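To start, the structure under review is shown below, and the notes come after it.
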């Protein structure tokens, strides 16, 4: 197998078209198609299917890409062998919600990176779950147990939840809720017990927190976001019986990687800190 040819497979997968892969790799589009055909003949399988103008990888192609990505990671490590950095070396992409990145990980990231100069962390923040099958991240933190997949899943712990409401307000406080697609989470199950109609709907925890902090709204928040509100005498905080589980997803081929193992330990420490706090 020619490494340059294998890189083309990943480029077509990422860009979705031969033209996109051609622009990314700066080679002729016909060369992209010719090299892919050569690999397909050598392997005896079809790598991509055309659907709605997009090249989508076949199941066999996904298996090939798993090895290609591992090779790419090793190639990057080879390029850093000569670097005089102590400890593990690597660049890891961590996917999580905005709030987890802001309130749990980033406050503790500075000390971790200072202690490990060979590591680089890329935070991918979104309310949407990354697709591990598309290699969009190396590790991911989710606040709902994911379906089984081709990755390692482990529980990080649980998060305390508080219903926070103003002590005194004219009439019912404005209720803040999460979108219907999050109806299964403990926060929404609790809010359904309230008679008031939700006046603010968002998946952004910070938005809810800001409304509650103005002493005119009520909603459910994780402890690591509302810890400073618990001492506010103008607010009443009720600890919910149910908690949110936090889960860690890791690409299988990285489970024994030194940099990944170090980062996993750090993420676990971050969640241990908020549980103890």
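We did not get these values from a lab; they are worked out from the coordinates using the rules stated. Quick caveat, the model's predicted, so the values are computed rather than measured. Heads up, the Cβs are rebuilt from the backbone with ideal geometry, glycines too, and the neighbour counts pull from every protein chain shown.
Say R0 is 22 Å: what FRET efficiency, to the nearest 0.05, do residue 62 and residue 41 get from their beta-carbon distance?
On the way: r = 19 Å, r/R0 = 0.88.
According to the calculation, E is roughly 0.70.
Please express the shape of the range 161-242 as an equivalent ellipsoid: the semi-axes are the square roots of 5 times the eigenvalues of the C-alpha gyration tensor, given largest first in whole angstrom.
18, 14, 12
With a point put 7 Å past each Cα toward its Cβ, work out how far residue 155 is from residue 17 in nm, to one decimal.
Spacing of the two 7 Å Cα→Cβ label points: 4.7 nm.
Between (1) 59, 46, 33; (2) 55, 45, 41; (3) 72, 48, 30, which matches Cα extents along the principal axes in Å calculated for the structure shown?
Calculated Cα extents along the principal axes in Å: the matching label is (3).
Taking the highest mean first, how do the peptides 237-245, 100-108 order by number of other beta carbon atoms within 10 angstrom per residue?
Top to bottom by mean Cβ count within 10 Å: 100-108, 237-245.
Zone of residue 78 (label point 7 Å along Cα→Cβ, backbone N under 14 Å): which residues in the range 1-25?
Output list for this probe position: 1-7.
How many percent of DSSP beta bridges within the chain run antiparallel, rounded to 5?
Working: 25 of 39 bridges.
Taking every DSSP beta bridge within the chain, about 65 percent pair in antiparallel fashion.
Tell me whether the range 1-50 comes out rounded, prolate or oblate; compute the Cα gyration tensor, take square roots of the eigenvalues as a ≥ b ≥ c, and use a/c under 1.5 as the rounded threshold. Don't jump to the answer; show the numbers that get you there.
Numbers: a/c = 1.78, a/b = 1.39, b/c = 1.28.
Here the range 1-50 falls in the prolate category.
Suppose R0 equals 35 Å; then what is the FRET efficiency for residue 203 and residue 31 from their Cβ-Cβ distance, rounded to the nearest 0.05? Can you show the working numbers first?
On the way: r = 44 Å, r/R0 = 1.25.
So the FRET efficiency works out to roughly 0.20.
Sort 15-21, 181-187 for me by packing, meaning the mean count of neighbouring Cβ atoms within 10 Å per residue, highest on top. Don't skip to the answer; put the middle values down first.
Working: 15-21: 17.9, 181-187: 15.0.
With the highest mean Cβ count within 10 Å placed first, the list reads 15-21, 181-187.
Please give the helix 106-115 orientation as an angle from the longest Cα principal axis of the chain, in degrees from 0 to 90, rounded to the nearest 10.
So the inclination is approximately 50 degrees.
At a 10 Å Cβ-Cβ cut-off, how would you order 3, 247, fewest neighbours first?
Values: 3 10, 247 16.
Listed from fewest to most nearby Cβ atoms, that is 3, 247.
What angle, in degrees between 0 and 90 and rounded to the nearest 10, separates the Cα long axis of helix 29-43 from the longest principal axis of the Cα atoms of the chain?
Result, in degrees: 80.
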